[in-house]
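Encoded as structure tokens, the structure appears first; notes follow it.
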Amino acid sequence: MASSTATRDAPDGDSALVKDLVIVGAGPAGLYQLYKAREIGLDAVVVERGGGVGGTWYWNRYPGLVVDAPSFDYSYSFSPELEQEWEWSTWYPSQPEVLSYLEHVAERFDLLKDIRLNTAVVGAQWQADEGRWVVELADGGTISTRFCVMATGCLSEPRAPEIDGVDTFAGRVLHTGTWPHEAVDFAGKRVGIVGTGSSGVQTLPVVAQTAASVTLFQRTPGFSVPARNRPLTEEETAEVKATYRARREQTRHSPGGLLFPPAEKSVFEATPEERQARFERYWELGWPVTLTYTDVSTDKAANDIVADFVRGKIREIVQDPERADLLTRQDYPIGTKRIILDTNYYDTFNRDNVDLVDVRTTPIVSIDADGVNTTDAHYDLDILIFATGFDAITGALLAMDIVGEQGVRLRDEWAAGPRTYLGLSVAHFPNLFLATGPGSPSVISNVFVSIEQHIEWFSDLFAHMRDHNLATVVATVDAQDDWVSKVNAVAARTLYPTAASWYMGANVPGKPRVFMPFLGGVGNYRKICDEVVTDGYRGFVFEPLDAQVPDEATARVADATTAAAR
Ligand code: NA7
């Protein structure tokens, strides 16, 4: 594939940039895709709306943010030199450290020169006659490209509830997902936090340390377990670095891209004493208690046993029984909404300056200049923090107007929920790929492992197309339908679809309720993706370089070319 950096005259007389590959987003996926594109000789550009690299980690910088995957594993594996050089300071990485790491990667591999910051993509149109995408930028510019990789992230489109009067609030309004870059001073302030997912739960204890008061508005309590984050010792870092290759290989073939020991039996095969000991051990280690037994995510009775253990822990920590009661009113199976890792969350409810308001019973109805009104009371505030999450998994993709073959719009195609082939490609959208898209393990995995697998899969495909003179590739509707059925069937065997979670799109009014990630595990998923390749890219149709509009004969030629490459 010849490098094609150039500009050419667009119809309106402006010059349009011409590229082999446009990558949307300079987060972990976009950075790696740029690195891989260069490796295979593609002329690529990354377009990033933020003022720096890092994606979610650039925007989402609320105080107390700790990632729920160990530092050693929440990192790239593609460069043994990088993993030897970089020093993580804590077992779970904090946001500033993840961001520094990604900034370091961008510099170390000289990626910045091909990244356009402060540039938002608003749409992309497939030009069938040219076999190219025209990527539309918010500033009115366009880029013509053969391939497009949407590295837009799963948790990158923050959402705040529409509450009457929010614009009239005289204090400061913040969102955890678009946190200011400068430190926010809470000293002496009356702070309100709306939301008790990971963001609210991790923010509260930090804010409570200096604020005059914090009022936490809770609609649904999360299940949170202690992170027990700690500094890494030189010895354990040396040990991991000495065995990193094997560790990476293990994560790639694990269920979740992490190295927690696999559960071996049903909770009902263990005696009550044995269960208790195992739960306590996980709690003390800061490991997800949902991984203790095989049936926790599939059998409600098994799940209840684990949930009751955690509720018992909450009651032990929280001294006020009324608060403990509110904090244990989860109405969904444990683990079906993402388990939260916290530092001192439940202890914080023993402080005098912290209030817990149940907005399930007494919802927030309006906001005025002074604060928040529920159906029951008024709360005076100086700072209001929305920890209300994201339009997850599909939000950033559908925020753009993506138009594929014959004018098919992604927004219309996904009106009843996302449909993809393998979570990485969409029928009718040739040469366009989704990094950690819906229908792939994405948010149910250590996302670095999933990102690397997708980017390497795309890059192998681009190289394959170069080597076989193929111009376009698109998933078939049949292959996509089969994959969507599989994703749904796997989810239906679990308790996940029973919760009103963001995995289901349930946190966004009007969003279709469809379980979006593939729950079959990253190891199995990798195997499926690899088999698709060894089967000659089963489920994809290629078009050779010289024929942009395939007829049956050219499609057969493409198939034969592909088969010959096996
Ligand atoms: P989450 O997990 O989606 O949590 C959002 C929270 O905001 C959740 O507790 C919601 O309650 C609450 N919420 C949303 N709208 C309202 C209104 N109108 N009133 C009261 N409460 C509301 O987002 P996070 O940012 O914490 O975490 C997202 C992921 O990022 C997380 O899973 C980690 O993977 C990292 P609800 O449950 O809907 O009743």
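The values are calculated or read from the model by the stated rules, or taken from the named source; none is laboratory data. Please read all numbers here as calculations on a predicted model, not as lab measurements. Positions of Cβ are generated from backbone atoms using ideal geometry, with glycine treated the same way; all protein chains shown enter the neighbour counts. What goes into the accessible areas is simple: the full protein's heavy atoms, side chains included, and nothing from ligands, DNA or RNA. Shrake-Rupley method; radii C 1.70, N 1.55, O 1.52, S 1.80 Å.
Among the candidates ASP358, ASP382, which residue alone is among the acidic types (Asp, Glu), away from the ligand (no atom under 12 Å from the Cβ) and surrounded by fewer than 21 Cβ atoms within 10 Å (Cβ to Cβ)? Spell out how you get there, then give the answer.
Details: ASP358 fails: away from the ligand (no atom under 12 Å from the Cβ).
Matching residue, one of ASP358, ASP382: ASP382.
Given the criterion within 16 Å of the ligand (Cβ to nearest atom) and either open to solvent by 20 Å² or more (accessible area, probe 1.4 Å) or not assigned by TED's automatic domain parsing to the domain that holds LEU258 (or both), identify the matching residue among SER450, SER459, SER425. Working first, answer last.
Details: SER459 fails: within 16 Å of the ligand (Cβ to nearest atom); SER425 fails: within 16 Å of the ligand (Cβ to nearest atom).
None of the others qualify; the one that does is SER450.
Go through SER198, SER266, SER224 for me and flag whichever is farther than 22 Å from GLN95 by Cα and among the polar types (S, T, N, Q).
Values: SER198 fails: farther than 22 Å from GLN95 by Cα; SER224 fails: farther than 22 Å from GLN95 by Cα.
Criteria check complete, one pass: SER266.
Tell me whether segment 227-249 contains one or more residues that are in contact with a Ser or Thr (Cβ under 7 Å, 6 or more places away or on another chain), closer than 23 Å to THR362 by Cβ and within 13 Å of the ligand (Cβ to nearest atom). Break it down into steps so the answer makes sense when it comes.
Just the residues of segment 227-249 that are in contact with a Ser or Thr (Cβ under 7 Å, 6 or more places away or on another chain), to begin with: 227, 229-232, 248.
Keeping just the survivors that are closer than 23 Å to THR362 by Cβ gives none.
The answer is no, given that none of the residues of segment 227-249 is in contact with a Ser or Thr (Cβ under 7 Å, 6 or more places away or on another chain), closer than 23 Å to THR362 by Cβ and within 13 Å of the ligand (Cβ to nearest atom).
Of the residues ALA479, ALA475, which is crowded, with 17+ Cβ neighbours inside 10 Å, within 14 Å of ARG538 (Cβ to Cβ) and touching a Lys or Arg at 6+ places or on another chain (Cβ under 8 Å)?
Working: ALA475 fails: touching a Lys or Arg at 6+ places or on another chain (Cβ under 8 Å).
Residue meeting the stated conditions: ALA479.
Of everything in segment 487-505 that's of a type in the set (A, V, I, L, M) and surrounded by fewer than 17 Cβ atoms within 10 Å (Cβ to Cβ), which residue is farthest from the ligand (Cβ to nearest atom)? Please lay out each step first, then the result.
So in segment 487-505, the residues of a type in the set (A, V, I, L, M) come out as 487, 489-492, 495, 499-500, 504.
Next, from what is left, pick out any that are surrounded by fewer than 17 Cβ atoms within 10 Å (Cβ to Cβ): 489, 492, 500.
Values: ALA489: 24, ALA492: 22, ALA500: 7 Å.
Per the criteria, the residue is ALA489.
For the structure I just gave you, tell me whether PRO430 is of a type outside the set (Gly, Ala, Ser) and within 16 Å of the ligand (Cβ to nearest atom).
Details: of a type outside the set (Gly, Ala, Ser): yes; within 16 Å of the ligand (Cβ to nearest atom): no.
For PRO430, the condition - of a type outside the set (Gly, Ala, Ser) and within 16 Å of the ligand (Cβ to nearest atom) - is not met.
Pick out the one residue from VAL365, VAL372 that is within 16 Å of the ligand (Cβ to nearest atom) and either surrounded by fewer than 18 Cβ atoms within 10 Å (Cβ to Cβ) or not assigned by TED's automatic domain parsing to the domain that holds GLY256 (or both).
Of VAL365, VAL372, the one residue that is within 16 Å of the ligand (Cβ to nearest atom) and either surrounded by fewer than 18 Cβ atoms within 10 Å (Cβ to Cβ) or not assigned by TED's automatic domain parsing to the domain that holds GLY256 (or both) is VAL365.
Any residue at all in segment 204-219 that is open to solvent by 40 Å² or more (accessible area, probe 1.4 Å), hydrophobic (A, V, I, L, M, F, W, C) and under 21 Å from ASP68 (Cα atoms)?
yes
Considering only residues that are aliphatic (A, V, I, L, M) and open to solvent by less than 70 Å² (accessible area, probe 1.4 Å), which ones fall in segment 180-197? Show your work before the answer.
The first filter runs over segment 180-197 and keeps only residues aliphatic (A, V, I, L, M), leaving 183-184, 187, 191, 193-194.
Across segment 180-197, the qualifying residues are VAL184, ALA187, VAL191, ILE193, VAL194.
All but one of (1) in the same structural domain as HIS454 (by TED's automatic domain parsing); (2) within 22 Å of the chain's Cα centre (by Cα); (3) of a type in the set (Ser, Thr, Tyr); (4) more than 16 Å from the ligand (Cβ to nearest atom) hold for THR152, so report the exception by its number.
Of everything listed in (1) in the same structural domain as HIS454 (by TED's automatic domain parsing); (2) within 22 Å of the chain's Cα centre (by Cα); (3) of a type in the set (Ser, Thr, Tyr); (4) more than 16 Å from the ligand (Cβ to nearest atom), THR152 misses just condition (4).
Of (1) open to solvent by 20 Å² or more (accessible area, probe 1.4 Å); (2) of a type outside the set (Ser, Thr, Tyr); (3) away from the ligand (no atom under 16 Å from the Cβ), VAL310 satisfies all except one. Which?
Among (1) open to solvent by 20 Å² or more (accessible area, probe 1.4 Å); (2) of a type outside the set (Ser, Thr, Tyr); (3) away from the ligand (no atom under 16 Å from the Cβ), VAL310 violates only (1).
Checking THR436 against (1) closer than 30 Å to ARG146 by Cα; (2) more than 16 Å from the ligand (Cβ to nearest atom); (3) part of a loop (DSSP other than H, G, I, E, B), which single condition isn't satisfied?
(2)
Hey, does segment 59-80 have a residue that's open to solvent by 30 Å² or more (accessible area, probe 1.4 Å) and more than 16 Å from the ligand (Cβ to nearest atom)?
Yes, because at least one residue in segment 59-80 is open to solvent by 30 Å² or more (accessible area, probe 1.4 Å) and more than 16 Å from the ligand (Cβ to nearest atom).
Quick one: which strands (runs of 3 or more DSSP E) sit completely within segment 357-417 and have at least 2 residues that are within 22 Å of the chain's Cα centre (by Cα) and within 30 Å of MET516 (Cβ to Cβ)? Explain how you work it out, then say what you get.
Working: elements: 364-367, 371-374, 378-380, 383-386, 401-403.
By residue number, 383-386, 401-403.
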